[in-house]
Amino acid sequence: MSGNDITMLITIAVYLVGMVVIGILFSKKNNSVGDFYLGGRKLGPLVTAMSAEASDMSSWLLMGLPGVALLCGTAEASWTAIGLAVGTYVNWLIVAKRLRTYTQKCDAITLPDFFRNRYRDRSNALLGIAAVIILVFFVPYTASGFAACGKLFNSLFDIDYHTAMIISAAVIILYTSIGGFLAASTTDLIQSIVMTLALIVIVLFGINTAGGFDAVIENAKELPGYLSLTLSHDIESGTSNPYSFLTIISTLAWGLGYFGMPHVLLRFMAIKDSKKIKTSRRIATVWVVISMAIAVFIGIAGNAAAANGSVDAITSSDQAERIIIKLAQLLNQHGLLAAIVAGLVLAGILASTMSTADSQLLTASSGMSENILKGVFKMKLSDRGSMLVARGVLVVIAVLGVILAWDQESSVFSIVSFAWAGFGATFGPVVLTALFWKRSNKWGALAGMVSGGVMVFVWKYLIAPNCADWGLGFLNVYELLPAFIAGLIAIIAVSLLTKKPEAEITEEFEEVNKLCKA
């Protein structure tokens with residue numbers, strides 16, 4: 001290992017130690033389970049905005065999105081980014097304030113709590129099913145983050161993938177289990193700053209490595225369909241394929257996922273002053289638009305750098321997702337200061353991963369300890385006992401994530417895509433109808449959750465793979481779109497076919513309406 005490599009590794013190590021220190025500092029502020037999971041609803045507008053978006057973007061921003069742009073050109077990457085940008089803005093615009101108000105009104109500290117309390121579900125069926133859904137989709141989502149960390153250290157320092165993944169997971173577990181929600185949110189703010197610096201440095205260095213901006217654009221123009229929004233480039237054959245209108249709609253549907261993301265919605269629930277949500281919305285939207293635009297261009301520049309031989313030829317999604325790592329390795333060869341900057345870039349990849357993994361672990365832990373053990377099985381636990389159980393469950397879930405991430409060839413983009421669809425389809429329609437439709441009831445919410453979740457699996461593993469054989473190729477769309485529609489239809493149909501909500505429920509709905517308009 002060279003001196004520059006050691007410098008880069010030390011920079012990353014300092015960053016990791018800093019995250020643990022933050023966890024220790026915030027451990028003193030966790031006096032109750034509510035503090036541990038929701039920070040006592042004390043987040044300021046800046047922390048709320050940046051922790052929401054940092055926990056949302058994950059390693060997908062610095063690995064998945066540039067990888068897609070590098071391999072396929074601008075169509076899929078751009079339409080995905082546009083869908084997410086619009087989804088981010090609309091989620092902040094219509095959901096944030098109302099969810100903050102409603103969850104405080106009905107005394108809920110988790111999303112499953114909100115569903116149960118909103119519909120007065122004394123059977124706890126909504127609570128239990130929602131908590132199980134969180135576990136089913138968050139474990140693989142967390143696994144994608146651990147996989148990204150393992151790939152990072154394996155590519156850079158030839159450290160065994162599994163060893164690197166376990167060490168990274170241990171650091172995330174340590175600061176999250178010690179500091180809880182406040183530590184996760186504060187580290188997310190810091191991590192969003194590091195991620196931003198990483199994006200800026202790498203896009204500038206990538207353009208320079210490829211021979212300048214003109215060289216990047218010329219390379220892209222020579223590739224069939226690469227800069228088109230209606231064609232997709234095939235890097236293996238060197239040809240282009242049509243990117244149909246239905247495929248565009250399907251890709252834009254990524255934005256629907258925001259309405260059901262528990263770790264993002266928790267930030268809305270935790271903001272101290274709902275009147276500051278407008279400020280948070282502006283910060284979040286601007287950051288998302290700029291960061292995704294840069295990430296897409298990194299992929300385009302990376303393709304040009306591969307074309308001129310600056311980095312090795314790239315032919316697979318696994319290789320494409322490592323383009324920032326490859327560029328950071330090149331940057332590391334330009335002296336001591338460059339090695340430190342390269343270390344910060346790689347810390348940015350860790351930041352994008354950790355900022356999501358910590359939130360996912362907390363949310364999954366709350367689903368098991370608060371919603372299943374205490375809510376469904378009625379376990380009587382003191383605050384101290386609840387904290388111990390919460391931390392224990394967090395560790396168990398992290399271990400499951402490590403096991404699922406054991407395959408080094410797993411694709412970050414594919415895993416995140418499936419988990420995103422799962423949450424968007426199961427929770428998204430329920431959140432929207434719970435917040436905005438007075439006539440919705442618990443039976444509709446149950447039907448929507450189950451229908452959305454089942455459709456994600458059915459579409460992904462049964463319908464989509466067989467579309468071509470059935471002569472229905474147009475149905476090969478992102479599973480989130482049909483599953484979201486199925487969930488929404490189920491909620492509306494079942495709610496209208498079953499008994500109206502009780503007066504107590506509708507009166508609370510009207511009170512929330514008045515509070516949101518005030």
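The values are calculated or read from the model by the stated rules, or taken from the named source; none is laboratory data. Quick caveat, the model's predicted, so the values are computed rather than measured. Here the Cβ positions follow ideal geometry from the backbone for every residue, glycine too, while neighbour counts run over all protein chains shown. Surface accessibility is based on the protein's heavy atoms, side chains included, excluding ligands, DNA and RNA. Shrake-Rupley method; radii C 1.70, N 1.55, O 1.52, S 1.80 Å.
In percent, rounded to a whole number, the relative contact order of region 60-143 is 13, using alpha-carbon pairs under 8 Å and six or more apart. Summary of packing: across the peptides 267-278, 330-341, the per-residue average of other C-beta atoms within 10 Å ranks them, highest first, as 267-278, 330-341. Sorting 190-202, 301-313 by average packing, meaning the other beta carbons within 10 Å per residue, from highest down gives 190-202, 301-313. Computed over region 242-301, the P(r) curve from all C-alpha pair distances, binned at 5 Å from the origin, holds 4, 13, 14, 21, 21, 13, 9, 4, 2, 0 percent per bin.
Amide hydrogen proximity for Leu231: with H placed 1.01 Å from N in the peptide plane, the residues at 5 or more positions away or on another chain lying under 5 Å are Tyr243. Protein heavy-atom surface of region 153-298, 1.4 angstrom probe: 66% of the accessible area is carbon and sulfur, with nucleic acids and ligands not counted. On the basis of the beta-carbon distance and an R0 of 35 Å, Ala518 and Leu229 show a calculated FRET efficiency of 0.25. The slack in the chain from Ile167 to Glu236, taken as 0.36 nm per residue of separation less the alpha-carbon distance, amounts to 21.3 nm. Name the lysines eligible as straight-distance cross-link partners of Lys380: C-alpha to C-alpha under 28 Å, and not fewer than 8 places from it in the same chain. In chain and number order, the partners are Lys28, Lys29, Lys42, Lys105, Lys442. Using a probe of 1.4 angstrom and keeping all protein chains present, the accessible surface of region 268-328 works out to 37 square angstrom per residue.
Descending by average beta-carbon neighbour count within 10 Å, the peptides 415-423, 240-248, 62-70 line up as 62-70, 415-423, 240-248, the highest first.
With K and R counted +1 and D and E -1, the other residues having a Cβ less than 12 Å from that of Phe115 yield a net charge of +2. Computed about its Cα centre, the charge dipole of region 421-504 is approximately 300 debye, with only Lys, Arg, Asp and Glu carrying charge at their Cβ.
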